[in-house]
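The values are calculated or read from the model by the stated rules, or taken from the named source; none is laboratory data. Note that the structure is a prediction, hence the values are computed from the model and not measured. Positions of Cβ are backbone-derived with ideal geometry, glycine not excepted, and every protein chain shown enters the neighbour counts. Keep in mind that these areas ignore ligands, DNA and RNA; they rest on the heavy atoms of the full protein, side chains included. Shrake-Rupley method; radii C 1.70, N 1.55, O 1.52, S 1.80 Å.
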Amino acid sequence: MDIIEIIEKKRDGHTLTKEDIHFFITKYVSGEIKDYQASALLMAIYIRGMNDEETSILTEEMRVSGDVLDLSDIPGVKVDKHSTGGVGDKVSLILGPMIASLGAHLAKMSGRGLGHTGGTLDKLESIPHMRINLTEEEFKAQVKKIGIAIIGQNEKLDPADKKLYALRDVTGTVSSIPLIASSIMSKKLASGTDAILLDVKYGSGAFMKTIEDAKKLATTMVNIGKRLNKDVKAEVTDMSEPLGMAIGNNLEIKEVIKTLQNNGPKDLTDLCVDSGAILLKQAKIFDNEEEAKVHLRENLKNGKAFNKFLEFVEAQGGDISYILHPEKFEVSKYLIPIYANKDGYISKLDALTIGISSMRLGGGRETLDDVIDMSAGIVLNKKVGDKVSKGEILCTLHTNKTDVEEIKENVLNAFEISDEKIILKNQHILIS
Ligand code: URA
């Protein structure tokens, strides 16, 4: 067998066998297959696609390309939650303590933000002294003891994805459903949990721009779970406007605190409750989602979810005085209000523009080496459907930069104001 035959096979639209895919992954990770050959195969896969069986085999070969975590000494069902990413998406940080306060075990490895999307690890690191690099032993002990740990991905996990993802990034082969599905699922499956809930976003701020593509990606990942005997469910949710009101790292942590104190934005709270109920059912703690929702809302009201967040931050070394007194978080030097230029109703709030603008204010990174300004970002006052009068504040930019005229204009243009009230059709679909 050689790599040229495999490339030609996919180039001509044929199906790859388990042997072909095993050969490709093992020899690429060992360095025997070169980047230029892997690039050609990725492009052939991008153009020709892969069927469900090929995608599952690719996932499994990637999963076992490095270490695989064994969480079997933690009792009960271990759950994980993953979002395909968006703008203002701080759900895992709220949902994790909510479900852990009801007895679930969340063992989560997260990533960093890139481009217009934020990353859970960066948000966590805006809490002074928070450790995101626990050892495997510390990670497992914490999940066992308090029911939640969120850390960075173990370096030895899924080396195939690390190499392939870096190559896809520079060869125009990121947005392929089988390649995205195998990349996400191989990492999630290598981290050893029993049940996984995926939140596949669609809309301007998401990877998948249309609900149809998001459903295809969600179905592909759920099917991988079925073939590999894992309990995988996927929600398909809207990311055409940002989630919640805060975008930017410590601004989002402040919103996490408010939401856990039962004082958060409705769209964010509702999504956390809905996703939490699905996870609690997957964790076999409740067999009825409606009952789980009642308990989740109750623990937001009675402080148990917030107390679990405090316990989680403290366990990972974070300074909980910031959680108890969020006014301690650093505030940017410049707070710049953006005013509405006419009366009406917000009919569109473009998540992509808001995400890019937040990044350019200092809240995100354009390349992996950029340093983030934890206080920078955008706080919204208005979202789709809200009434607005000329001169009212639409949002406030938080930044330490001075040259932001173009960003101000872009943010103003991200809001569309119309005469008629628009109700955002927030489709929320569960694929299982
Ligand atoms: N996230 C991943 O982990 N992989 C992809 O390919 C896309 C998003």
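Overall, the chain carries a charge dipole of about 660 debye about its Cα centre when +1 sits on the Cβ of Lys and Arg and -1 on the Cβ of Asp and Glu, all other atoms neutral. For I417, the residues whose modelled amide H falls within less than 5 Å of its own, excluding neighbours fewer than 5 places apart on the same chain, are S347. Here, region 78-324 is characterised by an Rg to Rh ratio of 0.93, where Rg is the alpha-carbon radius of gyration and Rh the Kirkwood radius. What translational diffusion coefficient, in µm²/s and rounded to a whole number, does the Stokes-Einstein relation yield for region 136-188 at 25 °C and a viscosity of 0.890 mPa s, taking the hydrodynamic radius as the Kirkwood radius over Cα pairs? Diffusion coefficient, whole number: 191 µm²/s.
Using only Cα atoms, tell me the angle between helix 211-227 and the longest principal axis of the chain; keep it within 0 to 90° and round to the nearest 10. Value to nearest ten degrees: 50.
Among the trypsin sites (Lys or Arg not before Pro) found in region 1-65, those both in a DSSP coil and sparsely packed, with 16 or fewer other Cβ atoms within 10 Å of their Cβ, are K34.
Relative to the longest principal axis of the Cα atoms of the chain, helix 136-146 runs at roughly 50 degrees. Build a GNM of the chain with springs between Cα atoms under 10 Å apart, and of G172, G364, G318 the one that fluctuates most is G172. Among the GluC sites (Glu not before Pro) in region 316-381, those placed in a DSSP loop whose Cβ has at most 12 other Cβ atoms within 10 Å are E366. The phi-based Karplus calculation (6.51 cos²θ - 1.76 cosθ + 1.60; θ = phi - 60°) puts the 3J(HN,Hα) values of region 147-160 at x, 7, 8, 10, 9, x, 6, 4, 4, 8, 7, 6, x, 4 Hz, whole numbers, x for Gly and Pro. Taken about its Cα centre, region 32-112 carries a charge dipole of roughly 480 debye when the Cβ of each Lys and Arg holds +1 and the Cβ of each Asp and Glu holds -1. With all pairs of different C-alpha atoms in the average, the Kirkwood value for the hydrodynamic radius of the chain is 22.4 Å.
Global size of region 1-154: 19.4, 54 Å for Rg and Dmax (C-alpha atoms, Rg to one decimal, Dmax whole). Using the Cβ of L93 as centre and a radius below 13 Å, the other residues enclosed give a net charge of +2, where K and R count +1 and D and E count -1. Across the options A100, P75, F24, the greatest Cα extent toward the positive end of the charge dipole of region 1-145 (unit charges at beta carbon of Lys, Arg, Asp, Glu) belongs to A100. Lysine pair count for region 1-132 with Cα-Cα distance under 30 Å and sequence separation of 8 or more or different chains is 21. Using the Kirkwood radius over C-alpha pairs as Rh, can you work out the diffusion coefficient of region 35-88 via Stokes-Einstein at 37 °C, viscosity 0.692 mPa s, in µm² per second? It diffuses with D of about 222 µm²/s by this estimate.
When the P(r) is computed for region 3-49, the part past 14 Å accounts for 42% of the Cα-Cα pairs.
Antiparallel beta bridges, as assigned by DSSP with both residues in the chain, represent about 50 percent of the total such bridges. Sorting E32, E8 by accessible area puts them as E32, E8; the probe is 1.4 Å, largest comes first, and only protein heavy atoms count. Say the dipole of region 328-432 comes from +1 at the beta carbon of Lys and Arg and -1 at that of Asp and Glu; which of L352, T399, Q427 then lies farthest toward its positive end? The listed residue farthest towards the positive side: Q427. Solvent-accessible area of L430, all protein chains in place: 70 Å² (probe radius 1.4 Å, heavy atoms, ligands and nucleic acids excluded). The equivalent ellipsoid that matches the C-alpha gyration tensor of region 209-368 spans semi-axes of 29, 25, 17 angstrom, in descending order.
Springs join every pair of Cα atoms under 10 Å in this Gaussian network model of the chain, and among E252, E61, E53 the largest mean-square fluctuation is at E53. Rounded to the nearest 10 degrees, what's the angle between the helix 177-190 long axis and the longest principal axis of the chain, both from Cα atoms, 0 to 90? Long axis of 177-190 versus the principal axis of the chain: about 90 degrees.
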